[in-house]
Structure formats: structure tokens, C-alpha cells
1. In whole Hz, with x marking every Gly and Pro, tabulate ³J(HN,Hα) for region 308-325 from phi via Karplus 6.51 cos²θ - 1.76 cosθ + 1.60, θ = phi - 60°.
2. Applying the Karplus parametrisation 6.51 cos²θ - 1.76 cosθ + 1.60 with θ = phi - 60° to the phi angles of region 274-279, what ³J(HN,Hα) value in whole Hz is obtained for each residue in order, glycine and proline being reported as x?
3. Packing-wise, with mean Cβ within 10 Å as the measure, how do 98-107, 292-301, 345-354 rank, highest first?
4. Sorted from largest down, give the three principal axis spans of the alpha carbons of region 394-436, whole angstrom values.
5. With a 10 Å Cβ neighbour count serving as the proxy for reagent exposure, in which order, fewest first, do 375, 226 appear?
6. In whole Hz and in residue order, list the ³J(HN,Hα) couplings for region 158-163 that follow from phi through the Karplus curve 6.51 cos²θ - 1.76 cosθ + 1.60, θ = phi - 60°; x for Gly and Pro.
7. Too long at a 30 Å Cα-Cα cut-off: which of 86/257; 86/138; 27/220; 142/252?
8. If you stretched the chain out fully between residue 28 and residue 376, how much longer would it get, using 0.36 nm times the residue separation minus the C-alpha to C-alpha distance?
Amino acid sequence: MAVADGCFWNILKRIYAPRPLSTPAIKINNAALTCNQKAKHFIRLYSRRAKRHPYSYPTAPIPVTDTESIPITAAELERAQRLLPKGTAAAPDGIYGEALQHLGPRAKAETLALFNESLRTVVVPVSWKVGIIVPLLKPRKKATDLDSFRPVTLTSCLSKLMEWIIAARIRDVIETKLTPQQSGFRSGHFTLDQLSHLRAALTRPTLDSRAGAVFVDYAKAFDTVEHDRIVSAMREMDIPPHIIRWPASFLKGRQAKVRVNSKSSPPMLFHRGVPQGTVLGPLMFITVMNTLSKRLSQVPLLFHGLFADDLTLAVRHVNRDIINSTLQQGLNIVDEWSKNYFMEINVDKTKYTLFGTTNPHPLSLKLRGIPVGPEKAPKLLGITFQNYRGMSTHVGPTRQRMNFRLLQLAAISSTTWGSKRDVLRTFYLTLVQAQML
């Protein structure tokens, strides 16, 4: 069933309450802000995070080699066209992804020439470096707080087409060099990979062994990683210099402005953070996190799992002191690495769990000199674990959500009226059965 079908939207409107059409009011000092003022406050908030760290230093220049960049082929362009998403909003340049997917022979030849010239000269058009940030209110958050809004960035679809080509070339080089512990933003890897390995390691302690885990929480990791560190991480993975130069230029001089309704803020420069809303952004981020994963892999007995910036450390052993010391060794590495990469850890939200015990404070762990607190029911990638006896903490609420969705579907259909059986089945698989997977 296509999203353009009227039946789809009619059912969706009946199941989900409609969102308010007006932008929620935001108050500063008890005074409601206009759309212009909202846009300016948001861009100041986002650009403040994106300032270069005062102790950051630029990396060495990328060496110029005799190896010339391999021209982009028509086959690469066609493959990238198929990867462009459909039904997304237009970028600042007004070009939709659907338009780029249906280029004629002449337009395709001109686009290919443009891409090859950009690759050869290592010049990224300025319009490809500009993003429009649209703040969207997070579910169940107060609209009066700026931090309650999730920034969604619209970027050039023409740039994304070029990025898919560059990303494919980078993946060909780094896929075998990424540690197996990283499951985020990789082809053939899913959240289930990390969850299944973690559950096997943590929730099945034998009589003579226990399992402990630390769930590390990074604060705004995607928004604060240094551009220079991204380039350094790509060089560490032995990506050829002629490939790295284009992403490095892509990061330099990036700008963004915030749009609230029809009002926009002035553009601001962003010196930190992977570019939101881009194709290369997630790939750049996991190359940075790979440097941490390689260091953690050297610690004996320590298991770790990564899904983008969701980091979990785990140890299974008979001796509780060894579990404590091994986890502490992993936390020390995380702390040192995070300082070197200028990434902030949310110590208050970083928790540990010792599985198979009811002791309220079984371990003594510290991060940046602050004690790490215990958590009986940690949540990771949508799954709630519990430190003792099964998964009832997760199963109970999941069952309630499924029953609620079934009641909603039953309220908008019957044996004699309502939507057809195959339409309802689609919604059942999406809204009900998907809760179990």
C-alpha cells in the first residue's frame, strides 16, 4: 500500500491524534517569542555547540599524491539515483529527489560532468554546504524548552546524490576494517545484532558466574565531534588521500539556518558535528567511534557493543572484583578517549547493572571522578533489560501497547464496514506485530 493512498491517511488519522497546526509557544522570561525570535534563539543554541573546542588543533594537511581520483561512472550515478529517498521535503535549492531520479540523458550527462569536476578539483559548491534546520517537538516534551525540540536538517538532494557515490567508495575501503562490535549505519547490520549478543552475555549468568554491564551515555555526540578528528579517523583507516579530500572539503565552511514556519534565522558556521541530514554524516561518525572500539577490544574479558553512539561495556566472570576492575578499566579508556576527541559524556545518565543479584549497590565504578549509579532495569535500543529473573519488565509494557493498538484498529473497522482486510493487515503488521520484533 503506497503512502499516497487516501485509505492509508484516513486510517492513520483515526489511529493517531492530529498534531496541532500552530507552532507551540515558547516563552523566555514569561514573554512569548515570535517566529523570528524563535529561529534566532534556536540557531544560537545549535551554533554554540558547533564552535571549535578551544583546545582542538588542526590535523596535518592531507598529502597530495600522484594518484588521481577515479572518474565517477554512469553506473555509479544510476546506482546513487536509486538510493535517493522519495517523498522527502525539498532542499534549500528547491530540487526534489524524485526529479533527480528521472533525469534525461542530457541532464544525466551534465550532472555526471559536474560531479567529476567537483571530485577532480576538490571543490564542493557552497549551496551543498548549507542546511535548513526545522525544530520538531519531541514526543511528551514541554514545548516551552528549546532542548525539547529535535533539529531536522534539510540538505541539498544534488549533494546527497554525490554523497552516495563517495560513501560507496569509502565503504569499499573501510567495511572490513570496522570492528564487528559496531552495528550502526552498516549494511547487513541491525540493532538486533547488538541486542542478541548483549542478551546472551548478560541475561544468562550461570551458577558460578555473573555478568555486569555499563551503559555509557554521550551528550549530543553527533553535534560535537570535531571535524578535524573525523578527517584523522578516516586517515587512520587507510582511506586513500584522493578519496578523503572531498569529504574534508565537504565539512569545511558548513552553514545552517533555522526555519520556524516561514521565518528563517541568519546563517551560522558549524565547526563541529557530523552534518545532520546528509549521507556522509553517519559514515563519518562511525569511523570516529571505530577508534574507540579498537582500544576497547584490547582489554581482556571486556565485551563492548556499539550502535552509533550507544556504547555498552560488559564483563562476565565468577569473581565480582574482576568484573568491577575490568569495567573500570573500560571506563578509563572511554574517559581518556572522550577527552582526546572533545566528546562530552553524560555521567548522570551513565549507569551500570550487575545481573543475577538483588544487591542494590554491587559494584563501585567511577567516571571522571564521579560514582556511576546502579540501574535495575536498563534500557538499550528500545529493549528494557532487568537484573534478575527474565524480561517481564519489558514484556509487560509491550503487551499493553499491542493491546491498545488492537483496540484502536477494532474501533475503526468491523465485519460489515470499515477498511478491507488486506489494508488492516498492513496496519496490524506495522503497529502491532512490529512491537514484538
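1. Each residue of region 308-325 in turn: 6, 9, 7, 10, 10, 10, 8, 9, 10, 6, 6, 8, 5, 5, 5, 4, 5, 5 Hz.
2. Karplus values, whole Hz, x for Gly and Pro: 6, x, 5, x, 10, 7.
3. Details: 98-107: 12.4, 292-301: 15.3, 345-354: 19.0.
My ranking of the peptides, most packed first, is 345-354, 292-301, 98-107.
4. On the principal axes, region 394-436 reaches 36, 16, 9 Å in Cα extent.
5. Taking fewest neighbouring Cβ atoms as first place, the list is 375, 226.
6. Whole-Hz 3J(HN,Hα) from phi for region 158-163: 5, 5, 4, 4, 5, 5.
7. On the way: 86/257 24 Å; 86/138 24 Å; 27/220 24 Å; 142/252 35 Å.
The pairs that break the limit, which is 30 Å between Cα atoms, are 142/252.
8. Details: separation 348, 0.36 × 348 = 125.28 nm, distance 3.78 nm.
The residue 28-residue 376 span can extend by a further 121.5 nm.
Every number here is computed from the coordinates shown, using simple stated rules; none is lab data. Quick caveat: nothing in here was measured; it's all calculated off a predicted structure. Cβ: placed from backbone, ideal geometry, glycine included. Neighbour counts: every protein chain shown.
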